[in-house]
Each structure stands twice: as C-alpha cells, then as structure tokens.
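The numbers here are math on the coordinates, done by the rules we state, and not lab data. Computed from a prediction, not measured in an experiment: that's the story for all the values here. Quick reminder, even Gly has a Cβ in these numbers, built from the backbone with ideal geometry, and neighbours come from all protein chains shown.
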Amino acid sequence: MVLPWVILIHATAAAGLLLYPLPGWRILLGALALAWMGGLGTTVCYHRALAHRALRLNPLTGAVLTFFAIFNGSGSPTTWVASHRIHHAYADTAQDVSSPAWHGFWWAHLRWLWQSEPPSIERVCPDLNRPAYGVWRFLQPPILIMSYFGGLYFGAAAFFWLGAIRLVFALHAQCFVNSVCHSEPGVPRGQDSSRNVTWLGFMHLFQGENWHRNHHARPALARLGQGWCQPDVGYAVICILERIGLVSDVRHQVRPSGDRSGPDLPLKRFSSFPARG
C-alpha cells in the first residue's frame with residue numbers, strides 16, 4: 001500500500017497548492033508544528049532511541065513520539081528501525097537497499113520504499129519484536145487516516161495543508177537523507193559516501209538529521225550536530241527531557257573501549273550486522 005499512499009498524498013498536495021497557495025498564517029504554523037512534532041518523533045524516538053540505543057525513553061514519552069512519527073508518515077517503529085539498521089550495517093555497498101551509488105537517485109529517494117523486500121523484524125530487531133512495538137503496525141492505518149483527513153475540521157485549506165501538503169513535505173525531507181546525504185562527490189562506490197548537507201536543515205526544521213556524516217562517524221551518539229554552527233534541536237530536546245526525567249541513559253559521548261554497559265547493548269548482539277564507520 002505504500003505506492004498508492006505516495007500517489008494519493010502527492011496528487012492531493014498538488015491540488016491543494018493550486019486551490020489554496022496561501023492558506024493563512026494560522027494554518028501554515030499548524031502544519032509546521034505537526035511536521036516538527038513528527039520529525040521529533042522520527043529523530044528522537046525511531047532514530048536515536050530505538051535504532052541506535054543512544055538513549056532510553058520513558059514509555060509514555062516513547063508512545064507520544066511514536067504516534068507523531070506515524071502521523072507524519074514515517075511508518076511503524078519496527079519497520080523503520082529494521083531498515084535503518086540494515087542501512088548502517090551495509091552502508092553504500094550493494095546490500096544497502098537505499099544507496100544511490102548502486103541503485104540510482106530515485107530508487108534511493110523513493111522507489112525502494114515500495115519495491116524493496118521488507119526487512120525481517122525477527123532477525124534485525126529482535127529487541128523490538130514485542131507487542132508493545134508490534135501493535136503500532138495495526139494502529140498505523142487509522143493514524144494515517146486521521147493525519148490525512150484531520151484538517152477538514154478546520155476547513156478546506158486546512159485539509160490540504162495540515163494533511164497532504166505536510167505529509168509530502170515530511171516524506172521528501174526524510175528521503176533526502178538517503179539520496180542527497182549519500183552522494184559525496186569523489187567517493188568510490190562501495191565506500192561510505194555520507195555527508196553533511198547544510199541546506200537540508202531547513203527541511204528538517206533544524207532537528208539535526210542533515211548532519212549525516214557526523215552520524216555515520218559516531219552512530220551511537222545521541223548528538224548529531226557538532227558545535228553551535230550545526231544546529232541540532234533534536235539533541236536539545238533530548239537534554240531537556242533528560243533534565244525532567246523523561247529520558248535516561250543518554251549517550252552524550254563515546255564510551256571508553258571495552259565498556260559494554262548502557263542502553264545500546266542489544267545492538268552488539270547483531271553479529272550479522274557489524275558496526276561501520
């Protein structure tokens with residue numbers, strides 16, 4: 001159902017931009033707020049907490065962030081995490097299903113989402129193969145229906161902007177990480193081509209996912225941006241949540257060699273997916 005969904009939101013977004021190119025500042029801010037919350041769910045919960053175990057989320061915090069990630073079109077947590085762990089294990093090799101070097105730009109950007117084989121949750125994410133995470137696969141359809149139609153309550157312009165237009169914006173913001181952030185010029189095919197892309201920070205609302213080379217260099221860290229010149233709002237939110245007790249075990253820096261303690265321990269058990277970079 002991924003391809004029909006992608007066609008639906010793009011067609012609806014195109015119609016909305018033609019009919020309501022200027023939706024008003026309240027609707028625009030509402031769309032940005034929903035995109036920001038959805039992006040936060042993806043970067044903090046899916047990416048840093050679940051995929052890399054760079055922090056541990058309070059169950060309620062994790063549930064809220066997961067809801068907004070799905071609401072923003074990021075898919076279920078198990079599928080997202082499995083695909084991302086495979087990407088890191090085989091980054092820019094022929095086994096990396098989203099590598100533009102091997103499969104082309106548009107495959108890496110969009111086509112792999114519906115044309116590639118689904119990842120094995122049991123093999124790649126045994127730590128997430130539990131009802132607490134699997135239930136989101138069944139909740140995903142009603143959440144997406146709510147995401148698509150929810151703006152109707154506020155009028156026709158809100159239907160398009162809070163729904164399909166926001167969803168298309170969020171989709172391409174994420175997809176650029178696979179395509180543009182893995183197109184470093186001059187890198188031989190088969191070697192890690194991840195790079196930092198400054199302009200993509202605007203599409204990610206400065207939440208840090210555009211600092212992709214930093215992430216590949218130290219994937220277990222909770223922080224993606226390095227220094228004040230690389231904004232990372234996702235990490236700032238993590239620090240705030242840590243202060244008020246909603247997250248714990250935050251990996252702010254690399255642990256000493258041989259330290260096997262901490263929330264990323266399950267990742268060490270995936271012998272089929274060795275760490276890279």
Exercise. Along Cα→Cβ, 7 Å out, is where each label goes; now give me the distance between the ones at A94 and W199 in nm to one decimal.
Key: 3.4 nm
Self-check item: On Cα atoms only, tilt of 2-19 relative to the major axis of the chain in degrees
Solution: 40 degrees
Quiz item: What's the angle, to the nearest 10 degrees (0 to 90), between helix 25-40's Cα axis and the longest principal axis of the chain?
Solution: 20 degrees
Practice problem: State to the nearest 20 debye the size of the charge dipole of the chain about its Cα centre, where the only charges are +1 on K and R beta carbons and -1 on D and E beta carbons. | Solution: 380 debye
Quiz item: Expressed as an acute angle from 0 to 90° and rounded to the nearest 10, what is the orientation of the C-alpha long axis of helix 166-179 relative to the principal long axis of the chain?
Solution: 30 degrees
Quiz item: In sequence order, what are the phi-derived ³J(HN,Hα) couplings for region 66-74 according to the Karplus relation 6.51 cos²θ - 1.76 cosθ + 1.60 with θ = phi - 60°, rounded to whole Hz, with x for glycine and proline?
Solution: 5, 4, 5, 5, 5, 4, 8, x, 7
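How high is the FRET efficiency from L18 to F138, r the C-beta distance, R0 35 Å, rounded to 0.05? Don't skip to the answer; put the middle values down first.
On the way: r = 35 Å, r/R0 = 1.01.
It comes to 0.50.
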Self-check item: Debye intensity ratio in log₁₀ form over the Cα atoms of region 2-269, taken at each q of 0.07 Å⁻¹
Solution: -0.24
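Just flag the trypsin sites (Lys or Arg not before Pro) in region 48-111 sitting in loop per DSSP whose Cβ has no more than 15 other Cβ atoms within 10 Å. Mind showing how you got there, number by number?
On the way: sites: R48, R53, R56, R85, R111; in loops: R53.
Sites meeting the loop and neighbour criteria: none at all.
Using DSSP to call loops (not H, G, I, E or B), can you name the chymotrypsin sites (Phe, Trp or Tyr not before Pro) in region 187-250 whose Cβ has at most 16 other Cβ atoms within 10 angstrom?
Numbers: sites: W199, F202, F206, W211, W228, Y235; in loops: W199, F206, W228.
Loop-located and lightly packed - W199, W228.
Taking only DSSP H segments of four or more residues, each worth -39500 (n - 2.57), what value at 222 nm results for the chain once the sum is divided by all its residues, to the nearest 500 deg cm²/dmol?
Values: 13 runs with 130 residues, N = 277.
Computed ellipticity for the chain at 222 nm equals -14000 deg cm²/dmol.
Expressed as cubic angstrom per residue, what is the convex hull volume of the alpha carbon set of region 35-142? List each step's numbers first, then the result.
On the way: hull volume 11.6 nm³, N = 108.
Each residue corresponds to 108 Å³ of Cα convex hull volume.
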Quiz item: Among A108, N178, A158, which residue has its Cα positioned farthest towards the positive end of the charge dipole of region 61-213, with +1 placed on the Cβ of Lys and Arg, -1 on the Cβ of Asp and Glu, and the dipole taken about the Cα centre?
Solution: A158
Quiz item: Of I145, I238, I121, which is the most mobile in a GNM of the chain whose springs link Cα atoms less than 10 angstrom apart?
Solution: I145
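Output the peptides 162-168, 189-195, 138-144, 95-101 sorted from most to least packed, where packing is the average of other Cβ atoms within 10 Å over each peptide's residues. Intermediate results must be reported in sequence, preceding the final value.
Working: 162-168: 24.9, 189-195: 16.7, 138-144: 14.3, 95-101: 20.9.
Top of the packing list down: 162-168, 95-101, 189-195, 138-144.
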Practice problem: Would you work out which of H88, F149, L17 lies farthest towards the positive end of the dipole of the chain? Charges go on Cβ: Lys and Arg +1, Asp and Glu -1. | Solution: H88
